[in-house]
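The structure appears right after this line, and notes come after that.
The values are calculated or read from the model by the stated rules, or taken from the named source; none is laboratory data. Small disclaimer: the values here were computed from a predicted structure and weren't measured. Please note: Cβ atoms are built from the backbone with ideal geometry, for glycine as well, and neighbour counts cover all protein chains shown. Just so you know, the surface numbers come from the protein's heavy atoms only, side chains and all, with ligands and any DNA or RNA stripped out. Shrake-Rupley method; radii C 1.70, N 1.55, O 1.52, S 1.80 Å.
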Amino acid sequence: MAVEWISDEGAFAGMAGEWDVLLPGDSTPFDLHSWYLSWWRAFGAGSAELSICTLRQDDGELVGVFPLARRGRRLLALANSHASVFRPLARDGAAMEELIAAALGGRAAALSLVGLPARDPCLAALRSGARPAGAIASVEDSYASPIVATDGDFDAWRESSKPRWGAPLERFRRKMARDYEAGFAIVEAPGDLDAELEDGFRVEASGWKGRAGTAILSTPETAAFYRDVGREFAARGQLRLSRIVLDGRTVAFDFCILHRNRLYLLKTGFDEEFRRLAPGLVMRLSIVERCFESGLDAHELLGAESEWKNKFATTKREHASFNAYPRRPLGVARYAYRTALRPALKRVYRRLRPRA
């Protein structure tokens with residue numbers, strides 16, 4: 001097999017068809033070529049050098065891709081907080097091993113990956129591939145993404161989860177319908193894409209996310225990314241939006257992707273002026289109901305665990321980070337810092353913080 005490193009965006013853009021052939025049976029939207037291309041154009045171009053490791057057979061067939069970028073002497077995943085799952089893709093185990101060997105042998109001062117599913121075979125392949133490649137590696141637990149399994153009985157889920165809701169969500173929903181001219185658009189393909197996105201982004205930025213600078217509209221790069229993702233997945237027929245409108249005003253908004261019978265939540269927000277009615281939680285309950293009604297396997301809440309997600313979740317997916325360094329003095333020093341010194345400093349900080 002032949003290894004080729006792709007650094008040209010045009011060549012990357014032209015790989016869509018053959019890239020998506022490699023998708024595994026448990027693929028997510030974050031495995032798709034269109035996701036990585038949108039991510040690179042928004043966050044990578046100008047701040048790093050595209051460095052996608054590809055593996056091809058002698059006949060030219062693509063059998064593996066490792067979406068990476070080079071920043072200085074480090075190789076990094078094409079991922080950040082806006083991409084909840086990351087992994088290399090390969091046709092089979094042998095191709096995965098050779099792809100990982102090529103990436104680990106890419107003459108980088110470090111290979112840093114985030115968002116790796118803890119149970120994915122690629123993580124074991126990364127571990128086992130480090131030593132033959134002359135690298136020393138560390139794997140660290142990262143975060144757990146809550147999931148609502150919706151392939152069972154809705155009434156059973158409702159009965160088990162309702163004590164965790166913390167508010168009478170069904171009564172709030174009835175109150176909305178009674179006291180307002182209420183509209184509930186739940187898990188629907190967009191009609192007027194641009195208008196619905198901009199309205200939803202405005203709601204998402206109106207509360208604490210806007211104040212914290214983490215809303216979609218907080219930076220031009222993030223806004224460009226989600227607009228591009230919206231257009232790409234709407235064209236694929238996979239974009240699903242939800243919103244609650246009271247007296248003509250959108251008070252809750254959800255931005256999701258429907259992929260292989262699972263609904264993935266990318267962004268959500270609500271109007272804090274209507275906090276007393278918990279519109280975000282009412283919308284989440286309505287979305288979970290719709291997932292059950294539609295026969296979906298799960299509603300993926302993505303990101304790290306949080307109080308509101310755990311009100312609805314039934315299970316979770318663990319993720320890990322992976323870092324590999326050359327077995328040279330500087331690489332060993334970086335490994336020691338990451339695996340021993342940094343955790344010790346964190347423990348000291350946690351002990352001192354309450355006193356401060």
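Structural remarks
- Shape of segment 170-264 from the C-alpha gyration tensor: oblate (a/c of 1.5 or more and a/b not above b/c, with a ≥ b ≥ c the square roots of its eigenvalues).
- Helical contribution to [θ] at 222 nm, DSSP H n ≥ 4, -39,500 (n - 2.57), averaged over the chain, rounded to 500: -11000 deg cm²/dmol
- Taking a sphere under 10 Å around the Cβ of L89 and counting the other residues whose Cβ falls inside, with K and R at +1 and D and E at -1, yields a net charge of 0.
- Loop-located trypsin sites (Lys or Arg not before Pro) in segment 103-162 whose Cβ has at most 16 other Cβ within 10 Å (DSSP): R107, R119
- Formal net charge of residues neighbouring E272 (Cβ-Cβ distance under 14 Å; K, R +1; D, E -1): +3
- Amide H contacts of K316 (H built 1.01 Å from N, under 5 Å, at least 5 apart or other chain): I147
- Rounded, prolate or oblate (a/c below 1.5 giving rounded, otherwise prolate when a/b exceeds b/c) for segment 1-87 by Cα gyration tensor: oblate
- Apportionment of accessible area to carbon and sulfur, the chain, percent (1.4 Å): 50 percent
- For a straight C-alpha distance cut-off of 28 angstrom, the lysines reachable from K175 (same-chain residues fewer than eight places away being disregarded) are K162, K209, K267, K309, K311.
- Cut-off under 5 Å, modelled amide H: who pairs with R240 long-range: C256, I257, L258
- When both bridge partners sit in the chain, DSSP labels roughly 90% of those beta bridges antiparallel.
- Cα gyration tensor category, rounded, prolate or oblate, for segment 270-311 with a/c compared to 1.5: oblate
- In the context of the full set of protein chains, residues of segment 110-208 present 52 Å² of accessible surface per residue (probe radius 1.4 Å, heavy atoms only).
- Summing charges over all other residues whose Cβ lies under 9 Å from the Cβ of R260, with Lys and Arg as +1 and Asp and Glu as -1, gives -1.
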